[in-house]
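J.: Attaching a single structure in structure tokens format; questions to follow.
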Amino acid sequence: MDPISSSTTGVVSSKTTPAAPPADAPASRVADGRATASATGGPFAAAPAAASAADIPEPPAGPADPALGQEVLDRAFATLEKLEKELKSIDPTTPEGAKRMAEITRQLNRVDEMIRMVNEMRRSRHEANMAVIDNIA
């Protein structure tokens, strides 16, 4: 496009859009006599208005933990690490050491089961979300 200068004043570029027809002009007609939709208000007359903030619905109330069990997993992994450190420091040849080792092993199994359960819950939630998306699409 040419810069504006005194020599280009009053010159119309070929890239301008045509003006809307005056309001008192007769409507354009298609071959069968019906008025065309764009003839009664310009090219943007039928364009929908943009949604305002009031038109956007609020998301449904979900769980307080958006990561579904992340806090539980963090505590479980911290406990797992603590138990493994303690397990390394135990002498299994003494009766007290063997007893404590069996107790730690039992606790490790329980923590591992809890981690597995949270992962299964996450997988189920993911599958449910994917099913909803598939139903929408």
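Coordinate-derived values only; no laboratory data. This structure is a prediction, so every number in the text was calculated from the model and none was measured. Neighbour counts run over all protein chains shown; Cβ positions are idealised from the backbone, glycine included.
J.: Under a Cβ-Cβ cut-off of 12 Å, what is the net charge of the residues other than MET117 that fall near it, where Lys and Arg count +1 and Asp and Glu count -1?
T.: Taking every other residue near MET117 into account, the sum is +1.
J.: Taking the Cα centre of the stretch 67-136 as origin, sum charge times position over the Cβ atoms of Lys and Arg (+1) and Asp and Glu (-1), and report the length of that vector in debye to the nearest 20.
T.: So the magnitude is around 100 debye.
J.: Same structure, new question: For the residue pair ARG116 and VAL132, what label-to-label distance in nm results when each label sits 7 Å from Cα along the Cα-to-beta-carbon direction?
T.: About 2.9 nm, to one decimal.
J.: Once you put a point 7 Å from the Cα of ALA78 and another 7 Å from the Cα of ASN109, both along the Cβ direction, what distance in nm separates them?
T.: 2.6 nm
J.: Give me the log10 of I(q) over I(0) for the stretch 67-136 at q = 0.19 Å⁻¹, as the Debye formula computes it from C-alpha points; what are the numbers?
T.: For the requested q values the scattering log ratios are -0.77.
J.: Next question. Between ARG125 and ALA49, what is the label-point separation in nm under the 7 Å Cα-to-beta-carbon projection?
T.: The two pseudo-label positions are separated by 3.8 nm.
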